[in-house]
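Accompanying notes for the structure given below.
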Amino acid sequence: MVSKSILFTIVSTLLATSSAAPVHFRRDVTVKSGDTCSAIATGNGVSVADILAGNPGVNAGCTNLAVGQVLKIGGGGGGGNTGAGARPQAPASGDVTPQAIIAVAPNSAACAPGGEASCRTADQSAPLINQSFAKFGIDSKGEKAALLSLMAFETGGFVFDINKFPGRPGQGTRNLMFFPFILKYALETPDVAPQVSQIAPGLTADSNTDAVAPDTMNAIRALVLRDDLSFASAAWFLKTKCAGSFSSDLKSGTQASYESYLTGCIGTTVTPERIAGFQKAIAALN
């Protein structure tokens, strides 16, 4: 059994080093063992070029990173972007745009000063969502609208990445998965799976999670709160955990297919608010 003090240290470290802060504000990221520019860029919603531009001491091949080195991420880095943060890239045809996200979740246009550290703006969320869709083969407007509206609804417009009300242990990521699926997601993610065994030796995807201590649940959840993983969880769930034809049915883009996805795959209730979000997403996507 892992002690609470060790779990607290693990959670604190993971949240400090893995969960990206909004890139519209400069933040310091400390290089850890095994880090690469690509991994740091992906986890913080920026490009490798942005890291190089903001950190003149890093060479062009990004081969001289040192453990403990502090990198400037986002706007205001030395010699890099000043003010607005990472340079936006023109969206590809069919990509989810920041404007589409704002149409579904108007509050995602900006994060409240001094608000939730987990808040991500539409500008920050769009590339992470598109990256997840490419990774899991989400290629139709209907599928994209379903996942976009689900994530926007569950997270209060991309403000939260854990369950705050009522504060259910272990529930989180950008589609607010319950802990049994958080555990499966962590175990199926190669770069964090070994850490699950360190936190909870013997715990497997088939384990009865009812007896898992809340601190242990939260420690495992912290493994997948990194932005690139957190934003990809909805696509992962649809493509790997939804039995049957839910994904192919969503390609039709119909309300009926979305309602079936909510009740049969997600296991939640169809509400007017959820339907309104889906309809806005369908209308907003190219």
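Just a few scattered comments:
- Residues Glu116, Glu188 arranged by fewest to most Cβ contacts within 10 Å: Glu188, Glu116
- Separation of the Asn107 and Gln69 label points, Cα + 7 Å toward Cβ, nm: 3.9 nm
- With a cut-off of 13 Å between beta carbons, the residues surrounding Ala134 carry a summed charge of -1, where Lys and Arg count +1 and Asp and Glu -1.
- Cα-based shape type of segment 195-286, given that a ≥ b ≥ c are square roots of the gyration tensor eigenvalues and the cut on a/c is 1.5: prolate
- With 25 Å as the limit on Cα-Cα distance, the pairs of Lys164/Lys184; Lys135/Lys164; Lys72/Lys239; Lys32/Lys241; Lys32/Lys164 that go past it are Lys135/Lys164; Lys72/Lys239; Lys32/Lys241; Lys32/Lys164.
- Fully extended contour minus Cα-Cα distance, from Gln279 to Ala193, at 0.36 nm per residue: 27.3 nm
- For Met177, residues with placed amide H under 5 Å, excluding near neighbours: Gly172
- Ranked packing of 173-184, 193-204, most packed first, by mean Cβ within 10 Å: 173-184, 193-204
- Around Phe153: net Lys/Arg minus Asp/Glu count, Cβ-Cβ under 13 Å: +1
- Working ranking of peptides 133-145, 243-255, 218-230 by packing, defined as the average number of other Cβ atoms within 10 Å per residue, highest first, is 218-230, 133-145, 243-255.
Read the figures in this text as sums done on the coordinates, not as results from a lab. Just so it is clear, the model here is predicted, and its values are computed rather than measured. Don't worry about glycine lacking a Cβ; one is built from the backbone with ideal geometry, like all the others, and counts go over all protein chains shown.
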